[in-house]
Amino acid sequence: MNKKGQINDFDLEDDLEEEPSSKQNSSEDLKKMIIKLMLIIGGGILALILILTITSMFTKKTYAYEKIEEIMKEAAKEYLTENPSLLAMADTKTIEVPVANLISSGKMLPLSEYRNDGSNCTGSVIVAKVGTEYVYTAKLDCGDSYSSTALYAKILEDSPITTSGYGLYSINGEKVFRGEKVNNYVQLEKALWRIVKIDENNNIVLIKETQIGYTAPWDDRYNESVGYNVGLNVYATSRIKEYLEEKYNTEKEDEIFLSVNDKAKLISYDICVGSRATNSKTNTNGIECQTKALGQKIGLLTVSDYINASVDPNCETAEDQSCQNYNYLVKNFNWWLTTPVTNTTDRAYSVNTKGEIKTSQTGDYYNVRPVIKLNSMVTISGGTGDINDPYIVK
């Protein structure tokens, strides 16, 4: 500015030049600060990742027990593939592969490596052949921490032996469900079943909750003594035996009631098919088991087993109508039992819609409720046996 207060052109130019320069410096400082901050944040993230990576290298990963069971099964498949002679043994019987074998062969790590809680676990894998497929079931025992729960053990835990009312009774060395309302429901992959009893070896006898297929005759062959095609009550050659085997082996999707995995859990058993008098009071299967169909995978219920399911004290013989009372086996359809009637050639026992035991001509068409036996080693994933919460077989 000159003496007269006028603005000098050079002064104005200096001011205009200084202002942009100042703004430019501030912008560059801000950029440097942002870059520095980003570098700090990025470095922190990288450091965190490095710390987590190093920590994970020295920290055991904890697997869920169910996941460990899957690892065991996959290890067993690989182990037996490399040992075909062992696998071949499963063609004729159920085999058990200890986890120790899987570990020593390098197919899996020691069980302690899959948990970081100090669990002391042991286990094995059960292998069975069904049709052309091998089915693997893992058994894992980690003491109080976890155990692959055996179905029979859970049943006994939930239903202690009783001597009155509804529940589980000890009869002739077996544990038998009796009464109208009992928690004995089991869900297999394809269908719902009821537990009839646990045998002396802890194998579990099941009867299908509903019928299979269409109605069928017990037998419909020509009967020489009667002179008609009314059937013969000899189970070994009966139509009902053929029918059960046909349904067991069916490949029709809408008729399958036992999956491959279900079948792998079954054991062969001897079906009691001896004839019985209508007034007999022997309900231990002692009479029915005088004749047996050996080594079967599927059959029917005996008269003794049906009678024992009722807690009515007046249910003692096949003639007693009171056997329909307090009996969980009663259904609203007619169905066959496996027991022939003594001193006849054409009659077998059935159960009618009321739940009464009847003597029926073998040529009659009734529904079929198959009976199977689960291996004692079968495990469950949950359930209480209630109809709304059945035992779920793995």
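Since every read-out is calculated from the coordinates, none of them should be taken as a lab result. Quantities reported herein were computed from a predicted structural model and do not represent experimental measurements. Note: ideal-geometry Cβ built from the backbone for every residue, glycine included; neighbour counts use all protein chains shown.
Using per-residue counts of other Cβ atoms within 10 Å, averaged over each peptide, order 381-390, 65-74, 270-279 from highest down.
Final packing ranking: 270-279, 65-74, 381-390.
In sequence order, what are the phi-derived ³J(HN,Hα) couplings for the stretch 140-149 according to the Karplus relation 6.51 cos²θ - 1.76 cosθ + 1.60 with θ = phi - 60°, rounded to whole Hz, with x for glycine and proline?
Karplus values, whole Hz, x for Gly and Pro: 10, 10, 10, x, 5, 6, 6, 8, 4, 6.
Give me the dipole magnitude in Debye, nearest 20, for the chain about the Cα centre, with unit charges on the beta carbon: positive for Lys and Arg, negative for Asp and Glu.
Dipole magnitude for the chain comes out near 1380 debye.
Cβ under 15 Å from Ser322's Cβ, Ser322 left aside: what net charge do those residues give with Lys, Arg +1 and Asp, Glu -1?
Taking every other residue near Ser322 into account, the sum is -2.
Around Ser280, which amide H atoms from residues at least 5 apart in sequence, or from another chain, sit under 5 Å from its own amide H, with H modelled in the peptide plane?
Ala318
222 nm [θ] for the chain, helices only, -39500 (n - 2.57) per DSSP H run of 4+, per residue, to 500?
Mean residue ellipticity, 222 nm, calculated: -9000 deg cm²/dmol.
Rounded to the nearest 0.05, what FRET efficiency is calculated for Glu113 and Asp144 with R0 set to 25 Å and r the Cβ-Cβ distance?
0.80
What order do you get for 221-230, 165-174 when each peptide is scored by the mean count of other beta carbon atoms within 10 Å, highest first?
Answer by packing, highest mean first, reads 165-174, 221-230.
On alpha-carbon atoms, Rg over Rh for the stretch 65-148 using Kirkwood Rh?
Here Rg/Rh amounts to 0.99.
Enumerate the residues in the stretch 232-255 having an amide nitrogen under 14 Å from the point lying 7 Å beyond the Cα of Glu133 toward its Cβ.
250-253
Got a sec to turn the phi values of the stretch 69-85 into Karplus ³J(HN,Hα) couplings, 6.51 cos²θ - 1.76 cosθ + 1.60 with θ = phi - 60°, whole Hz, x for Gly and Pro?
Running phi through 6.51 cos²θ - 1.76 cosθ + 1.60 with θ = phi - 60° gives 4, 5, 4, 4, 5, 5, 5, 5, 4, 5, 4, 6, 4, 7, 10, x, 5 Hz.
Describe numerically, in nm with one decimal, the distance between label points set 7 Å from Cα along Cα→Cβ at Glu189 and at Glu70.
1.6
Given the options Ile161, Ile51, Ile195, state which has the largest fluctuation in a GNM of the chain using a 10 Å cut-off (strictly under) for Cα springs.
Top of the fluctuation ranking is Ile51.
For the stretch 187-378, what log10 I(q)/I(0) values come out of the Debye formula at q = 0.12, 0.15 1/Å, with one point per alpha carbon and no solvent?
Computed log10 I(q)/I(0) values: -0.55, -0.88.
Sticking with the crude label model, points 7 Å out along Cα→Cβ, report the distance from Thr163 to Glu242 in nm, one decimal please.
The modelled label-to-label distance comes out at 5.0 nm.
Let me check I've understood the local charge: for Ser275, count other residues with C-beta under 14 angstrom from its C-beta, Lys and Arg +1, Asp and Glu -1. What total comes out?
So the surrounding residues net to 0.
Set the Förster radius R0 to 51 Å, insert the Cβ-Cβ distance between Thr282 and Lys61 as r into 1/(1 + (r/R0)^6), and round the FRET efficiency to 0.05.
E between Thr282 and Lys61, to the nearest 0.05, is 0.30.
With the crude spin-label approximation of a point 7 Å out along Cα→Cβ, what separation in nm comes out for Asn314 versus Ser376?
Inter-label distance under the simple model: 4.0 nm.
Sorted from fewest to most neighbouring beta carbons within 10 Å, what does the list Lys252, Lys354, Lys241 look like?
Lys252, Lys354, Lys241
Please compute P(r) over all alpha-carbon pairs of the chain, binned at 20 Å starting from zero, and give each bin as a whole-number percent.
22, 39, 17, 8, 6, 5, 2, 0
In the P(r) worked out for the stretch 101-214, what percent of Cα pairs fall beyond 24 Å?
Percentage above 24 Å: 47.
Can you give me the long-range amide H partners of Leu192? Hydrogens built in the peptide plane at 1.01 Å from N, cutoff under 5 Å, separation of 5 or more residues or another chain.
Glu209
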